[in-house]
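Chemist: Here it is, the structure in full.
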Amino acid sequence: MSTTITVSRPDYAGVVDLDRYPIHDLESNGGMMLIDSCRKELAKDGCCTLQGFIKPDAVKIMVELACQLESKAWVSDRSHNVYFEPLDTTVEPDHPLAFQVRSAKHGIAYDQIPEGAPLRRLYESDDLTNFIAAVLEKPVLYRSADPLDALQITLFKPGEELGWHYDRSEFSVTVMYQKVEKGGDFEYVPALRSKQDERYEDVKKVLHGDRSRIKIQSSEPGTLAFFHGHCAMHRVTPVEGAIPRINSVLTYGEHDNMRLNDLTSELFYGRTSPRRD
Ligand SMILES: [Fe+2]
């Protein structure tokens, strides 16, 4: 007697194009091929983009939601160095430890995103966490425990940008909802530094306009991207035109109590604890 195993459609079936990206059934041939191709792309380019991962209807809902929540977003506009660390006053002003870039954006925190929102349903599913762990070859991976930063939405309005920087976490996962008329490009330099070598001279060249090693990530709405943000310096160029750039960052860690420190939380969200209203 043979046993038929049925893989049921999960809660987020209307969010992800599961025919193309079967994250609910990673042990199937399609699931294994997907993981393999993502690993290869990540190893080759330091970045893996899955176009059409989020279905158009879900993208549309997320854009509408972001526009509704815009008035409650935390607006930040500040200068910083690429390491998000205090400026080093003992080095030359053009040294990466002292050189300042600008970041200006509208940040919508996790606790402002309704539980039924398509991306929140997807983020909170173990299927997506397991898929990301498999691609990154992590034996275990946890969603962030931060009540504000675990999943967020960023709007870059005209004139806003994200300056060159490295992420503190080893990798980032992003979802794109809305691209702009001009500017707003996600630019990155793969493996600009390593864990052993900061390569300040190479960083300095990029900060002063050398574009020879810069790559641009796809910004088509619905794209999910994996990215080695700890070693690849990256930025979002200033947005031009009337349409804001809208995307989410999904945060994961290798331990189960990952949170922002108070300083960073104040910076990104203007507060350190969940809203009471
Ligand atoms: Fe980043």
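Chemist: Considering E92, E170, E137, which residue is free of Cβ contacts under 8 Å to residues at least 12 places away in the same chain, out of contact with any strand residue (DSSP E or B) (no Cβ under 7 Å at 6 or more places or on another chain) and acidic (D, E)?
Modeler: Values: E170 fails: free of Cβ contacts under 8 Å to residues at least 12 places away in the same chain; E137 fails: free of Cβ contacts under 8 Å to residues at least 12 places away in the same chain.
Only one candidate passes the filter, namely E92.
Chemist: Looking only at residues that are among the charged types (D, E, K, R) and in contact (Cβ under 8 Å) with a residue 60 or more places away in the chain in segment 113-134, which one is surrounded by the fewest Cβ atoms within 10 Å (Cβ to Cβ)? Talk me through it step by step, then tell me what you get.
Modeler: Here is the first cut: in segment 113-134, the ones among the charged types (D, E, K, R) are 115, 120-121, 124, 126-127.
Remaining after also requiring in contact (Cβ under 8 Å) with a residue 60 or more places away in the chain: 121, 127.
On the way: R121: 20, D127: 18.
This residue is D127.
Chemist: When segment 47-62 is examined, which residues are found to be within 23 Å of Y110 (Cα to Cα), open to solvent by 30 Å² or more (accessible area, probe 1.4 Å) and in contact (Cβ under 8 Å) with a residue 40 or more places away in the chain?
Modeler: Selection gives K55, P56, D57, I61.
Chemist: Considering every residue within segment 67-89, establish whether at least one is open to solvent by 80 Å² or more (accessible area, probe 1.4 Å), basic (K, R) and free of Cβ contacts under 8 Å to residues at least 40 places away in the same chain.
Modeler: Scanning segment 67-89, I find no residue that is open to solvent by 80 Å² or more (accessible area, probe 1.4 Å), basic (K, R) and free of Cβ contacts under 8 Å to residues at least 40 places away in the same chain, so the answer is no.
Chemist: Another question about this same structure. Out of all the residues in segment 126-150, which are out of contact with any helix residue (DSSP H, G or I) (no Cβ under 9 Å at 6 or more places or on another chain) and not in a helix (DSSP H, G or I)? Spell out how you get there, then give the answer.
Modeler: Within segment 126-150, the subset out of contact with any helix residue (DSSP H, G or I) (no Cβ under 9 Å at 6 or more places or on another chain) is 126-127, 130, 132-133, 145.
If the condition is that a residue be out of contact with any helix residue (DSSP H, G or I) (no Cβ under 9 Å at 6 or more places or on another chain) and not in a helix (DSSP H, G or I), then A145 is the only one that fits.
Chemist: Out of all the residues in segment 170-197, which are in contact with an Asp or Glu (Cβ under 9 Å, 6 or more places away or on another chain), part of a strand (DSSP E or B) and open to solvent by less than 20 Å² (accessible area, probe 1.4 Å)?
Modeler: The initial filter retains those residues of segment 170-197 that are in contact with an Asp or Glu (Cβ under 9 Å, 6 or more places away or on another chain), namely 170, 176, 179-184, 189-190, 192-193.
Then keep just the ones that are part of a strand (DSSP E or B); that gives 176, 182-183, 189.
Correct list: M176, V189.
Chemist: Scan segment 236-250 residue by residue and report those that are over 11 Å from the mean Cα position of the chain (by Cα) and either more than 13 Å from the ligand (Cβ to nearest atom) or open to solvent by 10 Å² or more (accessible area, probe 1.4 Å) (or both). Please lay out each step first, then the result.
Modeler: Of the residues in segment 236-250, the ones over 11 Å from the mean Cα position of the chain (by Cα) are 236-246.
The answer is T237, P238, V239, E240, G241, A242, I243, P244, R245, I246.
Chemist: Go through segment 153-169 and report how many residues are closer than 22 Å to Y83 by Cβ, surrounded by fewer than 23 Cβ atoms within 10 Å (Cβ to Cβ) and away from the ligand (no atom under 12 Å from the Cβ).
Modeler: Residues flagged as closer than 22 Å to Y83 by Cβ, surrounded by fewer than 23 Cβ atoms within 10 Å (Cβ to Cβ) and away from the ligand (no atom under 12 Å from the Cβ) within segment 153-169 amount to 1.
Chemist: Could you check, for segment 29-50, whether at least one of its residues is modelled with pLDDT of 95 or more and part of a loop (DSSP other than H, G, I, E, B)?
Modeler: no
Chemist: Considering only residues of segment 151-168 that are assigned to a loop (DSSP other than H, G, I, E, B) and more than 11 Å from the chain's Cα centre (by Cα), which is modelled with the lowest pLDDT?
Modeler: Quick first cut of segment 151-168, residues assigned to a loop (DSSP other than H, G, I, E, B) only: 157-160, 166-168.
Keeping just the survivors that are more than 11 Å from the chain's Cα centre (by Cα) gives 157-160, 166, 168.
Values: K157: 97, P158: 96, G159: 97, E160: 97, Y166: 92, R168: 79.
Going through the qualifying residues, I end up with R168.
Chemist: Count, please, the residues in segment 199-235 that happen to be away from the ligand (no atom under 13 Å from the Cβ), open to solvent by 50 Å² or more (accessible area, probe 1.4 Å) and in contact (Cβ under 8 Å) with a residue 12 or more places away in the chain.
Modeler: Residues in segment 199-235 being away from the ligand (no atom under 13 Å from the Cβ), open to solvent by 50 Å² or more (accessible area, probe 1.4 Å) and in contact (Cβ under 8 Å) with a residue 12 or more places away in the chain: 8 in total.
Chemist: Quick one: count up the residues across segment 209-250 that are out of contact with any strand residue (DSSP E or B) (no Cβ under 7 Å at 6 or more places or on another chain) and under 24 Å from V16 (Cα atoms).
Modeler: 1
Chemist: Further, regarding this structure: What are the pairs, 6+ residues apart or on separate chains, where a residue within segment 20-43 that is farther than 15 Å from N130 by Cα has its Cβ under 9 Å from a residue that is aromatic (F, W, Y) and part of a loop (DSSP other than H, G, I, E, B)?
Modeler: Final answer for the pair search is R20/F53; G30/Y21; L42/F171.
Chemist: Of the numbered conditions (1) within 18 Å of T174 (Cβ to Cβ); (2) modelled with pLDDT under 95; (3) of a type in the set (D, E, K, R), R120 satisfies every one except a single condition; which is it?
Modeler: Looking at each condition in turn, R120 falls short on (2).
Chemist: Being more than 16 Å from the ligand (Cβ to nearest atom) and within 25 Å of Q112 (Cα to Cα) narrows it down to one residue among V140, V180, V175; which is it?
Modeler: Numbers: V140 fails: within 25 Å of Q112 (Cα to Cα); V175 fails: more than 16 Å from the ligand (Cβ to nearest atom).
Result: V180 is the single residue among V140, V180, V175 that is more than 16 Å from the ligand (Cβ to nearest atom) and within 25 Å of Q112 (Cα to Cα).
The values are calculated or read from the model by the stated rules, or taken from the named source; none is laboratory data. Here the structure is a predicted model, which means the values were calculated and not measured. Glycine gets a Cβ as well: all are built from the backbone with ideal geometry, and neighbour counts include every protein chain shown. Remember, those area values only see protein heavy atoms, side chains included, never the ligands or the DNA or RNA. Shrake-Rupley method; radii C 1.70, N 1.55, O 1.52, S 1.80 Å.
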